[in-house]
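*Asks:* Questions regarding the structure given below will be posed in turn.
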Amino acid sequence: MYKTPAETQQFFEKFNTLVASVHHCEILIFPPALDLTTAVAATIDTNVAMGAQNLHPGKEGAFTGEMSGYMIKSAGCSHVLIGHSERRRYFHETDANVFEKTVAALETGLTPVVCVGEVLEERDGGKTEEVLVRQFRGGLGDLTADQFAGLVVAYEPIWAIGTGKTATPKIAADAHATIRKEAARLFGESAAKSLRILYGGSVKPDNAGTLMAQEEINGVLVGGASLDPMSFAKIVNYRDSECLLATHPHQLTVVVDDLPALIA
């Protein structure tokens, strides 16, 4: 929940120039709903894609304050962030909600960036793998193989979001390996290998390189570091083939998070 439409316009006036020559990764930003049309207009004919931070699974109806996938798509977005830790924590979204929203996004032609991750107590209790498997199965396990092929997963260790703490590259890679293993179990080895998994949790210009050096990490979901166009551009300009950068709270932040516009 950052930036007015005017501030969003100013952000892109600087950011677009800084990433104009980028071809090694996808740049995806998830601004607040109020800023979407401004952001889309500011990135026409650029290499920056846009996504929404949330969606309602219905097409239309008496759901004051909500946006449907059809509305998001018509606004010019290609992606949507689903199941972010803040949605789970503050708005009590469940794995069942994540599944319903993911299906709705896919049916609308949007690419869902689905977030999973554990809190500090779960990590300290040795339950990281258990939590990731539960969230993955509950949110994505009932998808068809074709549906699963159309999404991105973001691992966001909640204990590392906005705290200054960052999972070590090995911790992040191990978590990604757990997610990929579960993907293989449910959807097959080929689907698991093709799955892009982003890391989000206090990603900054000075640690993006070491994180992206891990084979299991396919991109980053950036939060606070994406609020400043210079900072975020430094992350985007990290060189790695086939990486996906995402951002969310306007975190306009590509590679999003604070952690989703996801995307990396």
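The values are calculated or read from the model by the stated rules, or taken from the named source; none is laboratory data. These figures come from a predicted structure and were not determined experimentally. Backbone-built Cβ (ideal geometry, glycine too); neighbour counts: all protein chains shown.
Quick grid of which residues meet (1) in contact with a helix residue (DSSP H, G or I) (Cβ under 9 Å, 6 or more places away or on another chain); (2) in a loop (DSSP other than H, G, I, E, B):
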residue: GLN9; (1), (2): yes, no
residue: PHE15; (1), (2): yes, no
residue: SER21; (1), (2): no, yes
residue: ILE27; (1), (2): yes, no
residue: PRO31; (1), (2): yes, yes
residue: LEU36; (1), (2): yes, no
residue: LYS59; (1), (2): yes, yes
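*Asks:* Within the stretch 192-210, restricting attention to residues that are surrounded by fewer than 22 Cβ atoms within 10 Å (Cβ to Cβ) and in contact with a strand residue (DSSP E or B) (Cβ under 7 Å, 6 or more places away or on another chain), which residue is nearest to ILE161 (Cα to Cα)?
*Replies:* ARG196
*Asks:* Provide a single number: the residues in the stretch 23-47 that are β-branched (Val, Ile, Thr) and either over 19 Å from ASP228 (Cα atoms) or crowded, with 24+ Cβ neighbours inside 10 Å (or both).
*Replies:* 4
*Asks:* Continuing with this model, one more query. Out of the residues in the stretch 96-121 that are of a type in the set (Asp, Glu) and surrounded by fewer than 18 Cβ atoms within 10 Å (Cβ to Cβ), state the one that is modelled with the lowest pLDDT.
*Replies:* Once the filter is applied, the top-ranked residue is GLU121.
*Asks:* While we're looking at this one, here's another question. Confirm whether VAL153 is under 22 Å from LYS101 (Cβ atoms), outside any helix (DSSP H, G or I) and β-branched (Val, Ile, Thr).
*Replies:* Yes, satisfied.
*Asks:* Would you call LEU106 touching a strand residue (DSSP E or B) at 6+ places or on another chain (Cβ under 6 Å) and farther than 16 Å from ALA175 by Cα?
*Replies:* no
*Asks:* Which one is farthest from the chain's Cα centre (by Cα) among residues in the stretch 138-167 that are of a type in the set (D, E, K, R) and farther than 10 Å from LEU106 by Cβ?
*Replies:* Per the stated criteria, the residue is ASP142.
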